[in-house]
1. From the phi angles alone, apply the Karplus equation (6.51, -1.76, 1.60; θ = phi - 60°) to region 47-62 and give each ³J(HN,Hα) in whole Hz, x where the residue is Gly or Pro.
2. Between the alpha-carbon centers of region 100-177 and region 8-82, tell me the distance in whole angstrom.
3. Given the rule -39500 (n - 2.57) for each run of at least 4 DSSP H residues, summed and divided by the residues of the chain, what is its mean residue ellipticity at 222 nm, to the nearest 500 deg cm²/dmol?
4. With springs only between Cα atoms under 10 Å apart, run a GNM on the chain and tell me which of 170, 109, 184 wobbles the most.
5. Accessible area per residue, 1.4 Å probe, Å², for the chain: what's the number?
6. Considering only protein heavy atoms and a 1.4 Å probe, what is the carbon-and-sulfur percentage of the accessible area of the chain?
Amino acid sequence: MAWERSCSVELIDPIEGALIQIDCGIRMQGFTSRNPSRNPKHSLRLAFRKMYGPGKLRYPLFGPDAAREFDTIILRSNAQDAWVYDSTSNRQGQFVRDEWTRRTQLAMGRPSPHGIWVHLYLNGLYWGVYDLHERANASFFAAHLGGAEEDYDVLHHPTFFVDDYTLVDGLTAAYDDLQSIAEGGINSPEDYEAIQEYLDIDGYID
């Protein structure tokens, strides 16, 4: 939070012109993508808070079938899938892997963040093509699945450098119970039934 800064954001369509303007916060996003020695093109996150402006972005950013209200939005540079990233494995970066995965998940009828491609300018300086998408947090799940934000526990996956999950919203108790059942082994129909109290099997397969 100490690194978050206030800003004004505009979405401009090349044909329609300016669509929205909102005051919000902006901060760095991601893990290794924040490191200037490895990646000169950083991912960013927009935070809509009352300390900056309306507190929510209310606009059908991703079309009529997606959420119309947001408390945060990701501007992903596609760091580890881009040619600018400092890695020999990225010399032929596809640049679309994450967005393709999210759209495939949506096409299977599963909840997944919606995204669009944008050209990003910061203070008039062109930073390139970015993947603008929803952030999977409690607000996201409440908007897409119903209920209140307090109904959801959200954990982000480990990375190559961080071995454990990161708690985003809620508690870890249900996840810990799930892990305990899984680590004990699924050795009977009763075990399989028990883990389904915590895990959507078909969703997990997809």
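1. Karplus values, whole Hz, x for Gly and Pro: 10, 9, 10, 5, 5, 10, x, x, x, 9, 8, 10, 6, x, 4, 10.
2. With region 100-177 and region 8-82 each reduced to a Cα centre, they are spaced 13 Å.
3. Calculated from helices alone, the mean residue ellipticity at 222 nm is -6000 deg cm²/dmol.
4. It is 184.
5. Value for the chain: 63 Å² per residue.
6. Solvent-exposed carbon and sulfur of the chain make up 52 percent of the total.
The values are calculated or read from the model by the stated rules, or taken from the named source; none is laboratory data. For clarity, every value in this text was computed on a predicted model and none was experimentally measured. Keep in mind that these areas ignore ligands, DNA and RNA; they rest on the heavy atoms of the full protein, side chains included. Shrake-Rupley method; radii C 1.70, N 1.55, O 1.52, S 1.80 Å.
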